[in-house]
Structures are given as structure tokens and as C-alpha cells.
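Engineer: One structure, pasted below without further comment.
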Amino acid sequence: MEKELLVTPAPKFYIKGQDALEAMLAACEKATKTIDLEQYIFENDTIGLRFIEILRKKSQNGVKVRVLCDAVGSWFLYNSNLPAAMRADGIEVRFFNAVSPWRIHNIFSWFFRDHRKILVIDQKIGFTGGVGIRDDIFTWRDTNVEVHNEIVGEMLATFNILWTQVENRHIVSRLRKARQYARGFQFVTNSPYFRKRFLYFNVIDALRSARQYAYLTTPYFVPDARLTRVLKLAVRRGVDVRLIVPKNTIEPFVGLAMHSYYEGMLRAGVKIFEYDACFLHAKTIVIDDEWATMGSFNLDSLSFLYNYEANIISTDQTFIQSLKKHFLDDLHSAPEITFDSWLERPLIQKLQEMCLMPFRGFF
């Protein structure tokens, strides 16, 4: 009798917050052995309570459930009685980097956040991207992916490292280099430690190698000097550099910080498009039909220097072409900002941007 061939499903993308969250809930409902969930945002609102209900039920039925949340991003859950109720049902719950705002020596606890989004079911199915667990995220344009290949093991290993660090605060776990699979997919992390900014330098190296195009989508564009230089040099080489950002940001000061970079980018030849169909929260980069990445990593100082981040990087053509199609489709809802029109914006806006320039490194 011939052996049945096991076909690994192709990555499945979700470009709406609601679709991603519903798929994650359905996967949790089907779990039979383990659920490992890591989130920056986990609210105790309607969608959050749906997750908690399923997690508690699965734990009661013998599934091992671990939940790792950021203490700031999941502030209201952290300060509620729900974690205690979840633990009473056998769920292991940990919060990353609890803050102490009244202690001067611990003021930097507001930085160094766990911004990653990871869900692994039965050690076989993985979800990652930009989607957090909160009601308003239902309406956002975001990018999440469901994977079933070897990279799920790396996602789980990444989860385990931070899970152990939160409990033991062991310095060795912070210095351990992430393993990477090389079958067209890698799960690459970024951490606020010396020589641990793997994802940042992967992005920089990929942009330096671009020869035809570089398509970037990000909700927060506050580049450092290196990224600014790399993008401008790419345009000089003849690379078609296009950037999609949201027309309206959730944080006004972040919006001003972003806008303060536009004139320099436009003058250099970078094309900027503002997505206006809804809030854009996707974080993707596609280069030359050869390289692509998506995940939690924003193009801002918080992701570069202060946050724990994780992205899938891929040279797989299905993965690349899917993200490229998403980008080109989004252009239909993203009018281009021209250099001349940008110069005509109100004087008060220009003054506000100038005042914010000295503080851009904190966004």
C-alpha cells in the first residue's frame, strides 16, 4: 500500500483585522494539545472575552494553554481580575515587563515592550502579523498570515525564549541567538540588546540590494538616519521606492513626527501614498520579486531600538507575490502625495512638525 503524501498548505493571508481574528479563534477552538499565544494588545473587551472564553474552555478540557502579553499594551487586562480567573482554570499567564510609573529608577520600564504577535496551535499551525486582540482592530486594514511549514517550530522556539525570560529573567536567554530555517522562510526577531537587531539589519541589507523596486507599507514611518540614507540611495540607483502609510494616525504626535520626514523623502524621489479607506496597520516590504517580509515590525524608532519584534522573511514566490498584490491593490485606496502639494500644507502644521523634530527618536 502506497504511503499517503502529506501536502503542506500554502501560507494563508488575512488582510482585514476581523478575518484574522476569526481565523485565530477558529484555530484555538480546534486545538487538541497546546495553545501558545503572545500578544502586545490583548483587551478584555468583546473580542478579548471571546478569546478568553475559548482558552478557558480548552484548558478545562486538557489543552495546555500559555498566554504571554505585554503589560503596557494589555494594560486593562493586566489590571483586571481576569488573569487570576484564567490561572484558576489552568491557563499559564505571564505579563512582560510590568511598569512602575511611580519609581524614577524604573521610568524606562515604559520602553522595551513585547510588540510581537504569535499564536501557535498544537505546535503545527502558526499565526503572526500585525493584528492585536481588541474590538476596533476588526475594522483595520492589516496583514496576518497562517502558516503550517517548518517555520512554526521557529515561532514556538521564539515564544519559549521570551516566556522563560519573563519568568526567570536569565541573562543567557537574552543573549541566545535565534535559530533560523532556510527553506524559503525565516522567522527573524529584533530585540533591544547589543547585536540582537537581526530584523532591522535584514531589512537594511535587503533595501541596499534592491535594483528594481521596493514596496513598503507601514502604519508608522519614523526612520533613523541609516534607513533614510538607504532609501534615498536606492532611488538614486533607479529603484522605484514606494511607501504606503495611513492618511490618519491614531496618535497625533506620531503623525506629526511622520510628516516631518515626508519633504525630504519626496525631494529625494521616494513616492508616498496615504491609505484612506480605513486605518492602515499592515507592516510589509516587498523587493524585486525576490524578497519579502511581514510581521510586527514598524519602520520607527520603537521597533528599531526598544521593542521585541518578529517577522517572517521569505524568498518563496507565493509569499512574495501575495504581498506584492496586496500592495498594488492598496494603491487604489491611497492617493499619492506630490512634492508640490506637500509644500502647500498649512504653516501651522509645518511649525508643529519642526517643534517635534528633536523628539522623533522616541517615536
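Engineer: Go over the candidates 88, 98 one by one and state the one that is farther than 26 Å from residue 18 by Cβ, modelled with pLDDT under 95 and out of contact with any helix residue (DSSP H, G or I) (no Cβ under 7 Å at 6 or more places or on another chain).
Structural biologist: Exactly one of 88, 98 is farther than 26 Å from residue 18 by Cβ, modelled with pLDDT under 95 and out of contact with any helix residue (DSSP H, G or I) (no Cβ under 7 Å at 6 or more places or on another chain), namely 98.
Engineer: Now for a different question. Which numbered condition in (1) more than 23 Å from residue 153 (Cα to Cα); (2) part of a loop (DSSP other than H, G, I, E, B); (3) not polar (S, T, N, Q) is the only one that residue 62 fails?
Structural biologist: With (1) more than 23 Å from residue 153 (Cα to Cα); (2) part of a loop (DSSP other than H, G, I, E, B); (3) not polar (S, T, N, Q) applied to residue 62, the lone miss is (1).
Engineer: Next up: Could you run through the range 283-301 and say how many residues are touching a Leu at 6+ places or on another chain (Cβ under 9 Å) and either surrounded by fewer than 18 Cβ atoms within 10 Å (Cβ to Cβ) or among the small types (Gly, Ala, Ser) (or both)?
Structural biologist: Total satisfying the criteria: 2.
Engineer: Among the numbered conditions (1) under 21 Å from residue 327 (Cα atoms); (2) open to solvent by less than 30 Å² (accessible area, probe 1.4 Å), tell me where residue 269 comes up short.
Structural biologist: Looking at each condition in turn, residue 269 falls short on (2).
Engineer: Among the residues of the range 218-253, write down those that are open to solvent by 20 Å² or more (accessible area, probe 1.4 Å) and either under 19 Å from residue 197 (Cα atoms) or β-branched (Val, Ile, Thr) (or both).
Structural biologist: 220, 224, 225, 226, 228, 229, 235, 249, 250
Engineer: Of the residues 156, 216, 233, 207, which is at pLDDT 95 or above and not in a helix (DSSP H, G or I)? Talk me through it step by step, then tell me what you get.
Structural biologist: Details: 156 fails: not in a helix (DSSP H, G or I); 233 fails: not in a helix (DSSP H, G or I); 207 fails: not in a helix (DSSP H, G or I).
When all the criteria are applied, what remains is 216.
Engineer: Return the pairs, sorted by first residue and then second, in which the second residue is open to solvent by 50 Å² or more (accessible area, probe 1.4 Å) and at pLDDT below 90, the first residue lies in the range 81-103 and is closer than 23 Å to residue 192 by Cβ and of a type in the set (D, E, K, R), the beta carbons are less than 8 Å apart, and the residues are 6+ apart or on different chains.
Structural biologist: 94/167
Engineer: If we scan the range 167-182, do we find a residue that is modelled with pLDDT under 95, crowded, with 18+ Cβ neighbours inside 10 Å and farther than 30 Å from residue 62 by Cβ? Walk me through how you get there before you give the answer.
Structural biologist: Residues of the range 167-182 modelled with pLDDT under 95: 167-182.
Then keep just the ones that are crowded, with 18+ Cβ neighbours inside 10 Å; that gives 178.
When the remaining residues are screened for being farther than 30 Å from residue 62 by Cβ, the result is 178.
So far as the range 167-182 goes, yes, one or more of its residues are modelled with pLDDT under 95, crowded, with 18+ Cβ neighbours inside 10 Å and farther than 30 Å from residue 62 by Cβ.
Engineer: Here are some residues: 298, 248. Which one is closer than 30 Å to residue 187 by Cβ and either in contact with a strand residue (DSSP E or B) (Cβ under 7 Å, 6 or more places away or on another chain) or not basic (Lys, Arg) (or both)?
Structural biologist: Among 298, 248, only 298 is closer than 30 Å to residue 187 by Cβ and either in contact with a strand residue (DSSP E or B) (Cβ under 7 Å, 6 or more places away or on another chain) or not basic (Lys, Arg) (or both).
Engineer: Taking the range 319-345 on its own, how many of its residues are surrounded by fewer than 20 Cβ atoms within 10 Å (Cβ to Cβ), in a helix (DSSP H, G or I) and either touching a strand residue (DSSP E or B) at 6+ places or on another chain (Cβ under 9 Å) or modelled with pLDDT of 95 or more (or both)?
Structural biologist: 9
The values are calculated or read from the model by the stated rules, or taken from the named source; none is laboratory data. The structure displayed is predicted, hence computed values, not measured ones. For neighbour counting, all protein chains shown are included, and Cβ atoms are generated from backbone atoms with ideal geometry for every residue, glycine included. Just the protein is used for accessible areas: all its heavy atoms, side chains included, with ligands, DNA and RNA removed. Shrake-Rupley method; radii C 1.70, N 1.55, O 1.52, S 1.80 Å.
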